[in-house]
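The values are calculated or read from the model by the stated rules, or taken from the named source; none is laboratory data. Everything quoted here is computed from the prediction, not taken from an experiment. Every residue, glycine as well, gets a Cβ built from its backbone with ideal geometry; the counts of neighbours run over all protein chains shown. Protein only, heavy atoms only, side chains kept; ligands, DNA and RNA dropped before computing areas. Shrake-Rupley method; radii C 1.70, N 1.55, O 1.52, S 1.80 Å.
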Amino acid sequence: MTLLEQALTELAAGEVRQASEKGWGSAALAIKALCERRGWNHGRHRDLFVTVDRLVDETGDQEIDTLFASANMLHVNFYENHEGAAKVAQRLERVQLFIDKLDALP
């Protein structure tokens, strides 16, 4: 089971905060995997954001940034617990799109 699948399982069980953090984690791991493929730094939290900016510049695909922002809101929600299950479900769908985009890059 992938981390994103675990997020969906948590959400179905009513564990919105846990689903949020697992959704964020799956996006972060996708970035780290891409960085590994390319030999880019990814050891710091900041490196994730730098990587996303770099990918947008490289590809011209602004949606990468938008999808990542949605994933980041899941991370915020883990701490703030301000979003309901429906919003978290939408964000998890966006995380899947984000992962798909990153997986398609060399």
(request) Please find, within the stretch 52-84, the residue that is surrounded by the most Cβ atoms within 10 Å (Cβ to Cβ) out of those that are of a type in the set (Gly, Ala, Ser) and within 16 Å of the chain's Cα centre (by Cα). (result) Ala71
(request) Pairs only if they're at least six apart or on different chains, beta carbon under 8 angstrom, first in the stretch 1-21 and without any contact (Cβ under 8 Å) to a residue 40 or more places away in the chain, second surrounded by fewer than 16 Cβ atoms within 10 Å (Cβ to Cβ) and part of a loop (DSSP other than H, G, I, E, B); list them, first residue then second. (result) Thr9/Met1
(request) Please state which one of Arg94, Arg46 is in a helix (DSSP H, G or I), charged (D, E, K, R) and under 13 Å from the mean Cα position of the chain (by Cα). (result) Arg94
(message) Just the residues that are in contact (Cβ under 8 Å) with a residue 60 or more places away in the chain and either within 15 Å of Tyr79 (Cβ to Cβ) or not basic (Lys, Arg) (or both), please, taken from the stretch 25-42.
(response) Ser26, Ala27, Ala30, Ile31, Ala33, Leu34
(message) For the stretch 1-17, which positions are farther than 25 Å from Arg46 by Cβ and either open to solvent by 80 Å² or more (accessible area, probe 1.4 Å) or part of a helix (DSSP H, G or I) (or both)?
(response) Met1, Glu5, Gln6, Leu8, Thr9, Glu10, Leu11, Ala12, Glu15, Val16
